Every structure is written in structure tokens, then in C-alpha cells.
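What follows draws every value from the coordinates through simple rules; no lab data is involved. Since we're looking at a predicted model, the values are computed, not measured.
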Amino acid sequence: MDCHAMQEKVVAFLDGELPGPVGEVVARHLSSCRECAEEVNSFRQLNAALDLLPGLPAPTRFAKETVRKAVSCKRKEMSLSELWKGFGNAWRFAACVAVLLGLLSGGVASRSVYLGISAEQPDQTWIIYEDSEPSLSATYGQAALVDQDEQW
Amino acid sequence: MSRLDYVWCVRSCGISCCGSCMTLKCKYLEQSDDFLMELVARGDDKAFEELITRYQQTVLNLAFRFLGDEQEAKDAAQETFLRLLQAAERYQPTTQFKPFVLRITKNLCIDYIRKRKPVYLAEPPDYRDRTDPHAELELAQLGAILRKAVVALPENQRMALLLNHFEGLRYAEVAEIMETSVAAVESLLVRAKRTLRAKMKEFR
């Protein structure tokens, strides 16, 4: 193993992650190679410096506050499902029927409103039809004839 | 009272109304994480509190070192335990508990990073007005620089470093939490430590 390959293994060697035979090869190389030994020392210094980095001390009531929050979340979730579970089968059936009837009524009402609105509007297609196909409309044909008479 | 009797007692009368259960309150400390999770799944708040007490420091440290922000770290830590509570029913005792918790923390921390706008850490504090000895001053400044450098690492390198170096997890455990291979973890650590070493050399 050359020095370049050895230096790739230095971190794992310091972490004790190299399997036995590989670890022994690296250890033997480090004992004889000054450059790789310096590489190991520099990583050891880094590890020591990292060990001094502080964490975040847990606030005194962190556990109790978290439990309290969990309980209040659970109460909110349970209220609706517990309410439903509390209903008997007859009440659940009645609730489902009421919802369906409500949807049906809403559909019928909205259809009535739509038909009412659309009845107020003139039939555009007839107007367009008469303008474009005068020969097919008796009314237009008569109007056309009337116009010609007036011109004469 | 045996463990099974204890569980029966919790089901039948609850922890607060049974005299023999009261004596077992102090025995939460003696219970394994897996057993406490079983109790948590049955709605035992005291068992949940004991689990939080055991792992709050580990979770807070990981979240703080990863996110670099105290308030976010506390929020992430609290959310970790709330998710743990939700996962209690499907927790399998064959899973190791610490990596299970840290995986939740890892996922949450990454979500926090993706949601936040870029945050620029403050410059290392100025110790010039203090009368600290030179060595202590230098150490404090180096610590601040390293902390900033850790937070500046790419997410994967940062998480691998925090799980391995600060939480003491083996490469295989880190790989399991990060859902990657041992070789990938090794590579992430080499790159992370080389970056940090370069920062350290710049300072010195």
C-alpha cells in the first residue's frame, strides 16, 4: 500500500474501523513513514479540538414540557375520533344519511339555479342560424322578400 | 411484581391508583428502552418522560451541532420525541433504539435545513477585551472557528461527522441511519475531516 492509499485509510484507522490485517499493515507503515505519521498526528489534533466543541445543555423542564405538548396533541386528535366511536351504529347510519341528503339537496338546488339563469338568456344559436342560412329559415325568407318588395 | 404483572396492572388500573404500581415508578430507571417503548405504546406518559430524559441530551447535541441554532435545535429535539411517540406502536424491539431515535433527528434536521432561508453565523466572538490567558483565548477562538466550519460542511459530511465523532456510532451504525454504505460513510468522514483540518491549519 503506497502513502496515498495509506492516507485515505488514516481516518478509519484512528476510528478503529479497519479490520485486523488491514489495521496491522497501516500501523506498520505508520511506524516507518514520517509523512503518514504526521498525517495521523494532524487528524489526532483535529479530533481533540472537536472534542472540545460544546453541545447544547438540555433545558431543565424539557422532558416535562415535551410530554405536556404530546398529551395536548393527543387530546386534539382523539376528540373527533372518540366522538365518532362514542356513537352507536344507528346514530352513525343516521349521520351518513344526513350527509348524503345534504349533498343531494345541494345538487338539486344548484341545478335549479343553473336552469333558471340559463332560461333568461336568449337562444343565441337561433340568431346565428338565421343569419348564416337564410334559405333554410322561412321567417328570414319572408323578410328577405319583404325587403325586395320595399326596394322596388 | 414481575414485568408481565406490571404491564397487566397498567392496563387494569393505571399507574396512579394502584399501590404496588407506585413503588414501581422509581423502577422506570431500571427498565430497558424497548420495554419503555412498549409502555409508551400503551399510553404511559411516565415511560415517555423517562425515555426523553435518557436521550434529550444526545438529540439536542446532534440537532444543535447540525443546525447551528439553539432555538431550532430545541424545536427539532422536541419534534423528534413527538414523532417517537407516534412511532411507538410500530417500533420493533429488534431495532437498536439509539440509532432509531437519531434517524428521526437526522431526518428532521435535514427538513429544517431545507425549509430555512440561508443563515449566516455570527463571526467568532472578539475576546480582545478579556484578560484570558493566551492559550485559553486561542482555544476558544479555534472552537468558534471549528463550530462554524462544521455547520458549513455539506449536509451528508456534517451528519456523518456528528454521528460518528460526537455520538460515538460505528461506521455501520452511521451507514444504517444515513441509509448509505459503510464505504460511503468512510469517504464522507475523510472529506469532512480534511476540510476541518484545513480550517484548523489556516487558524494556526
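Rounded to whole Hz and in sequence order, give me ³J(HN,Hα) for region B:160-172 from the Karplus expression 6.51 cos²θ - 1.76 cosθ + 1.60, θ = phi - 60°, writing x for Gly and Pro.
With the stated coefficients, region B:160-172 comes to 4, 5, 5, 5, 7, 7, 8, 8, x, 7, 6, 4, 5 Hz.
In Å and from the alpha-carbon atoms only, list the Rg and Dmax of region A:3-51.
10.4, 30
Treating region B:134-203 as a set of equal point scatterers at the Cα positions, no solvent, please give the Debye-formula log₁₀ I(q)/I(0) at q = 0.22, 0.27 Å⁻¹.
Values returned for q = 0.22, 0.27 Å⁻¹ are -0.88, -1.14.
Provide, for q = 0.14 Å⁻¹, the log10 of I(q)/I(0) from a solvent-free Debye sum over equal Cα point scatterers in region B:31-115.
-0.44
Applying the Karplus parametrisation 6.51 cos²θ - 1.76 cosθ + 1.60 with θ = phi - 60° to the phi angles of region B:138-149, what ³J(HN,Hα) value in whole Hz is obtained for each residue in order, glycine and proline being reported as x?
Karplus values, whole Hz, x for Gly and Pro: 5, 5, 5, 5, 4, x, 5, 5, 5, 4, 5, 5.
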